[in-house]
Amino acid sequence: MGIAKKLGAEFIGTFWLVLGGCGSAVLAAAFPSVGIGLLGVSLAFGLTVLTMAFAIGHISGCHLNPAVSFGLWAGGRFKAGELVPYIVAQVLGGLAGGGILFVIASGKTGFSTTGGFASNGFAEHSPGGYTLLAALVTEIVMTFMFLIIILGATDKRAPQGFAPVAIGLGLTLIHLISIPVTNTSVNPARSTGVAVFVGGWALSQLWLFWVAPIVGAVLAGGVYRWLGSEEE
């Protein structure tokens, strides 16, 4: 598959992840009477990955996330030369998803990004008021486990055809655990895609949601290289 098609798939997939996941949080989480709440938002993020894994997994591998690309590289599953192009496509897709969401959300009277616009944060900007350290540990550990799920589910020895389900449900579980702490990132492109429309605090705290997921993903890549090795 040519690199242009791979990058196009990553752009579209990450666009869908941000529009679907963050869109559920911004537009539907607290909608009067029928709001989907934390459970619905968690499921929405999982569904974006599940649907795209089936739709574009055979084209680009369906990373949709710079941390996933780094983790797959660390695990020996991805070429270093494609890291930067993939990450650029993912971030652009995330920004496009955030932009479309902003256009839709701003169509409601009284709309403002002061509510966070599904941005990730810590301390006073954590949904539950969790500290920077708590947010850092959460994002590292949750991304670590996400990559373990991805690397294991896509291992050639794993049951074939079920990887998208395991990965989508894994991301759902991660959100169920960590939305109260950081609003759940585990994905720098997802964080960037909405933070730029909030500005201020969201951009000043964005560094954590790049550093922690990438650290967690690279650690998982190294661990799975050992764990999945057929050597004793």
Failed condition for Val91, given (1) under 15 Å from the mean Cα position of the chain (by Cα); (2) under 19 Å from Ile149 (Cβ atoms); (3) of a type in the set (Val, Ile, Thr), with all others met?
-> (2)
Kindly indicate whether Ala166 is open to solvent by less than 50 Å² (accessible area, probe 1.4 Å), over 22 Å from Gly20 (Cβ atoms) and part of a helix (DSSP H, G or I).
-> no
Exactly one condition in (1) assigned to a loop (DSSP other than H, G, I, E, B); (2) modelled with pLDDT of 95 or more is not met by Lys156; state its number.
-> (2)
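Yes or no, residue by residue, for (1) closer than 29 Å to Ser112 by Cβ; (2) within 13 Å of the chain's Cα centre (by Cα):
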| position | (1), (2) |
| --- | --- |
| Ala158 | no, no |
| Pro180 | yes, no |
| Thr192 | yes, yes |
| Gly200 | yes, no |
| Gln205 | yes, no |
| Ile214 | no, yes |
| Leu219 | no, no |
| Val223 | no, no |
Test Pro85 against the stated conditions and say whether it is in contact (Cβ under 8 Å) with a residue 24 or more places away in the chain and touching a Pro at 6+ places or on another chain (Cβ under 6 Å).
-> no
Please work out if Ile148 is in contact with a Gly (Cβ under 7 Å, 6 or more places away or on another chain), part of a helix (DSSP H, G or I), buried (at least 19 other Cβ atoms within 10 Å of the Cβ) and not aromatic (Phe, Trp, Tyr).
-> no
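Tally the residues that are hydrophobic (A, V, I, L, M, F, W, C) and closer than 19 Å to Ser24 by Cβ, restricting the search to segment 155-208. Please lay out each step first, then the result.
Within segment 155-208, the subset hydrophobic (A, V, I, L, M, F, W, C) is 158, 162-163, 165-167, 169, 171, 173-174, 176-177, 179, 181, 186, 189, 194-198, 201-203, 206-208.
Now narrow it down to the ones that are closer than 19 Å to Ser24 by Cβ: 167, 169, 171, 173-174, 176-177, 179, 181, 186, 189, 194-195, 197-198, 202.
Result for segment 155-208: 16.
The values are calculated or read from the model by the stated rules, or taken from the named source; none is laboratory data. Source: prediction; values computed, not measured. So basically every Cβ, Gly included, is an ideal-geometry build from the backbone, and we count neighbours across all protein chains shown. Heads up: the accessible areas ignore ligands, DNA and RNA and are worked out on the full protein's heavy atoms, side chains in. Shrake-Rupley method; radii C 1.70, N 1.55, O 1.52, S 1.80 Å.
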